[in-house]
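First the structure, in the form of C-alpha cells, and then the observations on it.
The values are calculated or read from the model by the stated rules, or taken from the named source; none is laboratory data. On a predicted model such as this, the values are computed, not experimentally measured, just so you know. In this analysis, Cβ positions are derived from the backbone assuming ideal geometry, glycine residues included, and neighbour counts consider all displayed protein chains. What goes into the accessible areas is simple: the full protein's heavy atoms, side chains included, and nothing from ligands, DNA or RNA. Shrake-Rupley method; radii C 1.70, N 1.55, O 1.52, S 1.80 Å.
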Amino acid sequence: MQQRSEETRSKIISSAIKLFSTRGYNTASVDDICKDAEISKGAFYHHFESKQALFLALLDGWLTTIDQGIEASRESSVPETFFLITQAFPYIFKTANEGLPMFLEFWLQASRDEKIWQASIAPYRRYHKYFTSLIKRGVDEGSFVDVDPELTARMIVSMAMGLLLQSLLDPKGAKWEKTAREITTMMMDTLMKKSEA
C-alpha cells in the first residue's frame, strides 16, 4: 500500500515537472497533471492540498539535497566543510540543467505570488545565515583571515546563484562544475590564513 502511494506521488511529481516546464505553472491545471499521471483527482489531493503545494514541494525537493550536503559536513573544520560542499556540485548542476524551464518558473512565480516568494527567499536567507556562521567560525578557529562574515557570506551566495544562472542560460559556455570548484578554491586561497614562515 505504501509503495503504491509513493509511486502515485512520484507520478504526480514527474507529470508536474513536465507540464510546468512545457506549459507553465499558470496554464497547467490539476486536471492536466492528473490526466498525464493517469491518476484520479482524489489521488492528487491525497498527496497535495493544491497545485501551489505541489509546486513548492518541487522546490523543496531540490533544496533538500543541498541541505543534506551541508548537514553532512557540520563536524568538519571550516576549510574541510567548503571542500565537502563542493562534492554536491555535480548533482546541483545536473538537476539545474535538466530542469531549466522549472527553475525559470520558480523565479517567475516568485515575482507574482507572495507565498511562493516567501518559500523561494527563505532558503537564500538560510544559506546566508549558514555561511555567515561558517565564516565567523573560520575566523574564530584561526583558519581564515579576519573578514566581515556577513559580507563574505553574501558574496558566496551571490557567486553560487550567479554560477547557477549562467549554467542554466549557457549550459555549454563552460564546464560549470569545474568552474565552480576552481572559484571555490580561489576564494579559499583568499580566505585561508597563511602560516608564517
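Rounded, prolate or oblate: which fits the chain when a ≥ b ≥ c are the square roots of the eigenvalues of the alpha-carbon gyration tensor, with rounded for a/c under 1.5 and prolate only if a/b beats b/c?
It comes out prolate by the Cα gyration axes.
Averaging sequence separations of C-alpha pairs under 8 Å and six or more residues apart, then dividing by the length of the chain, give the relative contact order as a whole percent.
In percent, rounded to a whole number, it is 19.
How long is the gain from SER76 to VAL30 if the chain were fully straight, where each residue apart is worth 0.36 nm and the alpha carbon distance is subtracted?
Full-extension gain reported as 12.1 nm.
From the Cα gyration tensor of the range 75-134, with a ≥ b ≥ c the square roots of its eigenvalues, which class applies: rounded if a/c is under 1.5, or else prolate if a/b is larger than b/c, or else oblate?
Because a/c hits 1.5 or more and a/b fails to exceed b/c, the range 75-134 counts as oblate.
Amide H neighbours of PHE144 under 5 Å, counting only residues 5+ apart in sequence or on other chains, H built in-plane at 1.01 Å?
VAL139, LYS193
Output ³J(HN,Hα) for the range 7-14: one whole-Hz value per residue in order, computed from phi by the Karplus curve 6.51 cos²θ - 1.76 cosθ + 1.60 with θ = phi - 60°, and x for Gly and Pro.
5, 5, 4, 4, 5, 4, 5, 4
What distance in nm separates the two pseudo spin-label positions at ASP60 and GLU150, each 7 Å out from Cα along the beta-carbon direction?
Label-label distance for ASP60 and GLU150, simple model: 3.0 nm.
Excluding ILE33 itself, calculate the net charge of residues whose Cβ lies under 11 Å from the Cβ of ILE33, where each Lys or Arg counts +1 and each Asp or Glu counts -1.
+2
Tally up the carbon and sulfur contribution to the accessible surface of the chain as a whole percent, 1.4 Å probe, everything protein left in place.
Summing carbon and sulfur atoms, their accessible area is 56 percent of the total for the chain.
Can you list the trypsin sites (Lys or Arg not before Pro) in the range 102-190 that are in a DSSP coil and have 15 or fewer other beta carbons within 10 angstrom?
Answer in residue order: ARG112, LYS172, LYS175.
In deg cm²/dmol, rounded to 500, what helix-only [θ] at 222 nm does the chain give when every DSSP H run of at least 4 residues adds -39500 (n - 2.57) and the total is split over its residues?
-25500 deg cm²/dmol
Angle check, please: helix 176-191 long axis (alpha carbons) against the longest principal axis of the chain (alpha carbons), in degrees 0 to 90, nearest 10.
It works out to around 30 degrees.
Where only protein heavy atoms count, and the probe is 1.4 Å, what is the accessible area per residue for the chain in Å²?
59
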